[in-house]
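What follows is one structure encoded as structure tokens, with my remarks underneath.
The values are calculated or read from the model by the stated rules, or taken from the named source; none is laboratory data. The structure presented is a predicted model; accordingly, all values stated were derived computationally and were not measured. A quick note on method: Cβ atoms are made from the backbone with ideal geometry, for glycine too, and the neighbour counts reach across all protein chains shown. Ligands, DNA and RNA are stripped out before the accessible areas are found, and what is left, the full protein with its side chains, is counted by its heavy atoms. Shrake-Rupley method; radii C 1.70, N 1.55, O 1.52, S 1.80 Å.
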Amino acid sequence: EKQGFKHFMLKEIHEQPGVVRTSLDAYFNPAESTESPINLGLPADLYTDLEQIQIVACGTSWHAALIGKYLIEQLAGISTQVHYASEYRYAPSPVTANTLIIGVTQSGETADTLAALAMEKERRQGKEPKYQARLLGITNRPESSLGHLVPHIISTLAGIEISVAGTKTFTAQLMAFYALALDLAARRQTVSKEILEKIINGLRQIPKEIEATLESQERLTEHLAHEFAETQDFIFIGRGINFPIALEGALKLKEISYIHAEGYPAGEMKHGPIALLDAKVPVVAIAIPGSVYEKVISNAQEAKARDSRLIGVTPVNDGEAAEIFNDLLPVSHVEELLSPILTVVPLQLLAYHIAARRGLDVDQPRNLAKSVTVE
Ligand code: F6R
């Protein structure tokens, strides 16, 4: 069943190019089609007059939601908030008429996410029908409890994921958010047809770029894992659309290798966490050319000045990047907006190889379950 891979997690990491291809085929119409380029099968009135979006999720799904927020706000211009489901259910945002609530859960069974959505559904009883219907689920299991709870679903197309640590389901969630943000942008005409096409064409290149990354990273991350098997703390930094990837890289490492790791928006380091840094604490920086590249490089420099070993997840291998990074985990050059689907891959592999090197039960980490059905 593992098809020659040592663990399900590694197999599932390698399935990601296929997951992106399947999602592209399902969510986007062929380039020559005369219909709208995006096809999520959602009714138009779900979107009419939308003023804001609230997203509830936990764990890795919450990280995907943060990228979703970035995409929806930057592409479609709709103000979006992301909440931990466990917090939202006890302190929900005020009800307003034109708010869409989205629950993201790969399993469709996470108790906190279901409870937050059930609470929201209840709050909306007695309001006008359009408003009651503004609940959307994003899940890998449309047949799950979530599927029964909300009127609208975007199915993510990862196939069953066995490893407890989510990898391909995260990528599938990102694909759902690209499609949703682009659908909203197309309907609201917040981006031009040309830009829309450019982004979709860029997405179509992603599967082969992930393949290239997987091929080049397997040995590099395994080699690095050897050096970091005994490391006690890790810091991951990123900015903008790659800040949630720093969180996700840290979460993957914590979950399966039991190494303490923190993800930070790079600009926040100097407001406290930089005090942790010394030669024993490596820093992984995600540095993608675009709106915040120079900023991330200068934040990385600040870490270097505290003797941290610096690992760069970047397509750049010359100039400042070559000078400051001790180790490079190269990814292909892609648009900043599309980069999270690529930058997450070396971080998944790094976590995997460190855990495997430590001889741990990668697919069944201690204290964790695939779906958390208790509060
Ligand atoms: C991360 C992980 C957890 C889940 C979280 C939410 O690798 O497995 O953090 O992401 O428990 O699960 P779902 O998406 O099923 O609601």
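Quick rundown of the values:
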item: Hits among lysines - C-alpha to C-alpha of K198 under 22 Å, sequence gap 8 or more where chains match; result: K69, K208
item: Rg over Rh [alpha-carbon atoms, Kirkwood Rh] for segment 202-295; result: 0.99
item: Chain lengthening between N29 and D307 when straightened (0.36 nm per residue, less Cα-Cα); result: 95.1 nm
item: Label point distance in nm, M119-N326, each placed 7 Å from Cα along Cα→Cβ; result: 4.4
item: Value in Å of the Kirkwood radius, where the chain supplies the Cα pairs that are averaged; result: 21.0
item: Ranked packing of 54-65, 285-296, most packed first, by mean Cβ within 10 Å; result: 54-65, 285-296
item: Calculated on alpha-carbon atoms, Rg and Dmax of segment 243-375 in Å; result: 15.4, 50
item: Mean Cα-pair separation over length for segment 102-213, i.e. relative contact order, pairs under 8 Å, 6 or more apart, %; result: 20
item: Approximate shape of segment 1-107 as ellipsoid semi-axes (Cα gyration tensor, √5λ), whole Å, largest first; result: 29, 23, 10
item: Using a Förster distance of 45 Å, the FRET efficiency for R219-A275 (Cβ separation, nearest 0.05); result: 0.85
item: Solvent-accessible area per residue, Å², over the chain with all protein chains present [probe radius 1.4 Å]; result: 41
item: Extension reserve of the N367-K127 stretch, reckoned as 0.36 nm per residue once the Cα distance is removed; result: 82.2 nm
item: For S291, net neighbour charge (Lys/Arg +1, Asp/Glu -1) across residues whose Cβ lies under 13 Å away; result: -1
item: Cα-based convex hull volume of segment 89-167 per residue, rounded to whole Å³; result: 99
item: Segment 83-220, Cα convex hull volume normalised per residue, Å³; result: 142
item: Cα lying deepest toward the dipole's positive end in the chain, options V104, M119, V281, charges on Cβ; result: M119
item: Length-normalised contact order of the chain in % [C-alpha pairs under 8 Å, at least 6 apart]; result: 19
item: The chain: most fluctuating residue of I210, I311, I237 per GNM, C-alpha cutoff 10 Å; result: I311
item: Full-extension gain in nm, H148 to K295, via 0.36 nm per residue minus C-alpha separation; result: 48.4 nm
item: Within the accessible area of the chain (1.4 Å probe), percent carbon and sulfur; result: 49
item: Estimated distance in nm for a label pair at E335 and E51, the labels positioned 7 Å out from Cα along Cα-to-Cβ; result: 3.1
item: Values of log10 I(q)/I(0), in the order q = 0.27 Å⁻¹, for segment 158-221 under a Debye, Cα-only, solvent-free model; result: -1.15
